[in-house]
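> For reference, the structure I am asking about is given below.
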Amino acid sequence: MMHWDDLRVFLAVAREGSISGGARRLKVQHSTVSRRLLQLEKDLGTRLLERKPSGYELTEAGEELKRSASRMELEFLGCEGALGKQDSQLCGDLHITAINNMASSILMPMFARFSAAHPGIKLHIEVSNKYVSLADRQADIAIRLTNTPLDTLVGARLITVASTVYGNRRYIQNLQASGQKPKWLGVDCCDYHHGWTHKACPDHDHQFFVDDTLLTMAALEQGLGVAYLPCFMGDSNAGLKRYCAPDPSFDLGLWLLYHPDLRRTRRIQTFREHMLTEVAGQAALFEGLRPATSSVQ
C-alpha cells in the first residue's frame with residue numbers, strides 16, 4: 001500500500017533530479033530519502049528511477065507515478081484550500097520565489113510584516129531570475145517582472161515598475177557638463193536589460209560587464225559608466241543619479257503568480273491580498289514618481 005508521505009518523497013526527487021536535491025527540498029537526511037524510495041520501489045515491485053551520469057532519470061513507471069502523484073497533490077491542495085476557509089487559523093509552508101534585487105531590498109520588509117502577522121505560516125523566500133515551474137511545485141508563488149505572464153498561471157498584477165538610466169552622481173554631472181557620450185556597462189542580468197542596452201549601445205563597446213542587477217548597481221557606484229536600473233533601486237541609492245527621465249516603453253509589470261489549482265488555498269490568497277496592499281503603499285517608488293522632498297536629482 002502506498003502512503004502519501006512516500007509519494008511526497010518520490011515527487012521531490014523526481015522534480016529535483018537527485019536524491020540529495022530531494023532531501024534538501026524536504027529538509028531531511030539523504031539516507032531517509034534513499035530508504036523511502038527503495039521501500040516504495042519494493043512495495044510497487046518496479047524501478048522508478050535510473051541512475052545516469054547526469055543524475056537520476058525516471059523510468060516509464062516513474063513518469064506514470066509522477067503524473068498520478070502530481071494529480072493527487074493538486075487534489076489534496078484543493079481540498080486543503082476548501083477546508084481551510086472553515087478554519088480561522090492560518091498555518092503551513094509557503095514557498096515564494098522572487099528576483100534577488102527585489103527580494104533582498106524593497107520586498108523584504110513586506111515579507112517580514114506578513115510573517116509577523118501570520119506566525120503560523122512558515123515563509124520560505126527563494127531567489128531566482130530563471131523560470132520556475134509552479135506546476136511542479138518548485139514554488140507556490142512566483143513574483144516576476146514581465147509584460148507577458150504565462151497564460152497557464154493566475155494571479156495579480158501588483159504594480160508597474162519603471163526603469164531608466166543611472167550612473168554615479170559625479171559621473172553624470174561631468175557628462176552633463178561636458179556633453180560627452182556615456183560609457184555603457186555591458187549588462188546581461190536579464191533579457192530586458194540586455195535588449196535595452198543593445199539598443200542604446202549597438203556597437204557593444206563595453207569595457208566592463210556584469211550579469212546581475214545588484215552587481216550593476218555596485219559598478220555604477222564606482223563610476224564605471226551608465227546602465228538601466230529599476231527606479232526603485234536607482235532612486236533609493238543616494239550615490240546614483242538619473243541620466244534621463246524614465247521612458248514608459250521600458251515599463252514592466254510586477255506580477256504575483258500561482259497555479260490555478262492553488263487559487264482557493266487560504267495561504268495563497270492571504271499573501272496575495274497582503275502584497276497588493278503593501279506594494280500599493282510603495283507605488284511612487286515602483287513607478288518612478290519621486291516625491292518632491294526626495295534628495296535624488
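Every number here is computed from the coordinates shown, using simple stated rules; none is lab data. Because the structure is predicted, anything quoted here is derived from the model rather than measured. Glycine also receives a Cβ, built like all others from the backbone with ideal geometry; neighbour counts cover every protein chain displayed.
> For the pair Glu221 and Asn174, how long in nm is the line joining their label points, each one 7 Å along Cα→Cβ?
The answer from the label model is 1.9 nm.
> Say we join alpha carbon atoms closer than 10 Å with springs in a Gaussian network model of the chain; which of Ala112, Ala284, Ala98 then has the biggest fluctuation?
Ala112
> Once you wrap a convex hull around the alpha carbon atoms of the chain, what is its projected area averaged over all directions, in nm²?
Mean shadow area of the hull around the Cα atoms is 19.1 nm².
> So between Arg67 and Trp4, what do we pick up on full extension, going 0.36 nm a residue minus the alpha carbon distance?
21.3 nm
> If you average the sequence gap of Cα pairs under 8 Å that are 6 or more apart and divide by the length of the chain, what percent do you get for the contact order? Each step should come with its number before you reach the end.
Numbers: 453 pairs, mean separation 61.8, N = 297.
Dividing the mean separation by the residue count of the chain yields 21 percent.
> Between Leu90 and Cys244, what's the calculated FRET efficiency when r is the beta-carbon distance and R0 is 51 Å? Round to 0.05. All intermediate terms of the calculation are to be shown ahead of the outcome.
On the way: r = 45 Å, r/R0 = 0.89.
Here the calculated transfer efficiency is 0.65.
> Right, next: How many nm is it between the label spots at Lys27 and Glu75, if each spot is 7 Å from the Cα in line with the beta carbon?
2.8 nm
> Let me ask you something else. So for the chain: antiparallel DSSP bridges make up what percent, rounded to the nearest 5? Intermediate values should be presented prior to the final figure.
Numbers: 23 of 36 bridges.
Percent antiparallel among DSSP bridges in the chain is about 65.
> At 37 °C and 0.692 mPa s, what whole-number value in µm²/s does Stokes-Einstein give for the translational diffusion of segment 4-84, with Rh from the Kirkwood sum over Cα pairs?
Numbers: Rh = 13.0 Å.
Value of D from the Cα-based Kirkwood radius: 252 µm²/s.
> For segment 181-278, state which trypsin sites (Lys or Arg not before Pro) are in a DSSP loop and have at most 16 other beta carbons lying within 10 Å of their beta carbon.
On the way: sites: Lys183, Lys199, Lys241, Arg242, Arg263, Arg264, Arg266, Arg267, Arg272; in loops: Lys183, Arg263, Arg264.
Listed in order of number, the matching sites are Arg263.
> Go ahead and set up a Gaussian network model of the chain, Cα springs under 10 Å, then flag whichever of Pro248, Pro119, Pro202 fluctuates most.
Pro202
> Mind putting together the pair-distance distribution for segment 163-250? All Cα pairs, 5 Å bins, whole percent per bin, short to long.
3, 16, 29, 28, 19, 5, 0
> Can you list the residues, at least 5 places off or on another chain, whose amide H is less than 5 Å from the amide H of Glu126, using H built in the peptide plane?
Close amide H contacts, sequence-distant or interchain: Ile96, Thr97, Ala98.
> Hey, another quick one. If I model a spin label as a point 7 Å beyond the Cα along the Cα-Cβ vector, how far apart are those points for Thr148 and Lys181 in nm?
In this crude spin-label approximation the distance works out to 3.0 nm.
> When the dipole is taken about the Cα centre of the chain, and only Lys, Arg (+1) and Asp, Glu (-1) are charged at their Cβ, what size is it in debye, to the nearest 20?
Roughly 540 debye, rounded to the nearest 20.
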